[in-house]
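Colleague: This is the structure, below, for whatever I ask next.
The values are calculated or read from the model by the stated rules, or taken from the named source; none is laboratory data. Being a predicted model, the structure only gives us computed values, none of them experimental. Heads up, the Cβs are rebuilt from the backbone with ideal geometry, glycines too, and the neighbour counts pull from every protein chain shown. Protein only, heavy atoms only, side chains kept; ligands, DNA and RNA dropped before computing areas. Shrake-Rupley method; radii C 1.70, N 1.55, O 1.52, S 1.80 Å.
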Amino acid sequence: MAKFYGIGTGPGDSDLLTVKGQKVLNQVDCLYTPEPKKGGKSLALKIVTPYLKEDLEIKQRHFPMVNTLETKQAAWDAIAAEIIADVQQGKNVAFITLGDPMIYSTYAYLLERVQGEVETETVAGISSFTQIANSLQIPLVMDDESYAVLPATKDEALIKAALEMFSTVILMKVSVALPKILKLLREQDLLEQTILVSDASMETEEITVGIQELTEEAKLSYFSTMIVYKNRDF
């Protein structure tokens, strides 16, 4: 029976795609890949390209990066309907997504639309922040410590509370809210305890340990993550 697969590609380095992810890619007939900008290149597709068979059908589909929920839902509905049709025609279909499919992924919106219509399976991927911690060789948490993962776009009060409550705080996509994040970290004297990583595991990766010199006007990659380590010295 044909199936729909969601595959996490990992953060950027093709070598970080899981063995299972590679196996599934070799089995599918059709691959959907996210396109954040119309006509733009898909990073997820670039990551998996070394593992794709020559006759694989690739469908790059646009996912609008806008604040209008109705616009995004219309795109999710249309792409999900296309996926369902492909699977019902007997094709094994996969959708690739950066990092892990269950962490801030567009795939989750497709999954909730296709479940119940076709058989589904999700293949885990390495998230950017776990890859960063391993690359730095600095544990995210130990013993009875706790950690939180938040998008930098969340309400200022919520991020402030997380910084106060948790041992380690991971802030995703900080480039879109840099002034707010720097203000909060400065207020809690945490700039020296913060590591900034842009383009994790890619050739363009940049690592900044301690962000005291970072300014609000800095131009960061969209794929920028901060890890605030309150209990580590570096």
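Colleague: Please go through (1) in contact with a strand residue (DSSP E or B) (Cβ under 9 Å, 6 or more places away or on another chain); (2) outside any helix (DSSP H, G or I); (3) farther than 18 Å from VAL209 by Cα for ILE170 and return the number of the only condition it doesn't satisfy.
Modeller: (3)
Colleague: All but one of (1) open to solvent by 60 Å² or more (accessible area, probe 1.4 Å); (2) under 24 Å from VAL66 (Cβ atoms); (3) in a helix (DSSP H, G or I) hold for LYS180; state the number of the condition that does not hold.
Modeller: (1)
Colleague: For segment 108-132, which residues satisfy the criterion of being farther than 16 Å from ALA44 by Cβ, outside any helix (DSSP H, G or I) and of a type outside the set (A, V, I, L, M, F, W, C)?
Modeller: GLN115, GLY116, GLU117, GLU119, THR120, GLU121 - these are the residues of segment 108-132 that are farther than 16 Å from ALA44 by Cβ, outside any helix (DSSP H, G or I) and of a type outside the set (A, V, I, L, M, F, W, C).
Colleague: If a residue counts only when it is open to solvent by 20 Å² or more (accessible area, probe 1.4 Å), acidic (Asp, Glu) and assigned by TED's automatic domain parsing to the domain that holds ALA148, which helices (runs of 4 or more DSSP H) contained entirely in segment 1-105 have at least 3 such residues?
Modeller: Fully inside segment 1-105 and qualifying: nothing.
Colleague: I need a count of the residues in segment 1-49 that are without any contact (Cβ under 8 Å) to a residue 12 or more places away in the chain and more than 22 Å from MET202 (Cβ to Cβ).
Modeller: 1
Colleague: Here is a further query. Restricting attention to segment 134-165, which residues are in contact with a helix residue (DSSP H, G or I) (Cβ under 9 Å, 6 or more places away or on another chain), polar (S, T, N, Q) and either over 14 Å from VAL228 (Cβ atoms) or surrounded by 14 or more Cβ atoms within 10 Å (Cβ to Cβ) (or both)?
Modeller: Correct list: THR153 only.
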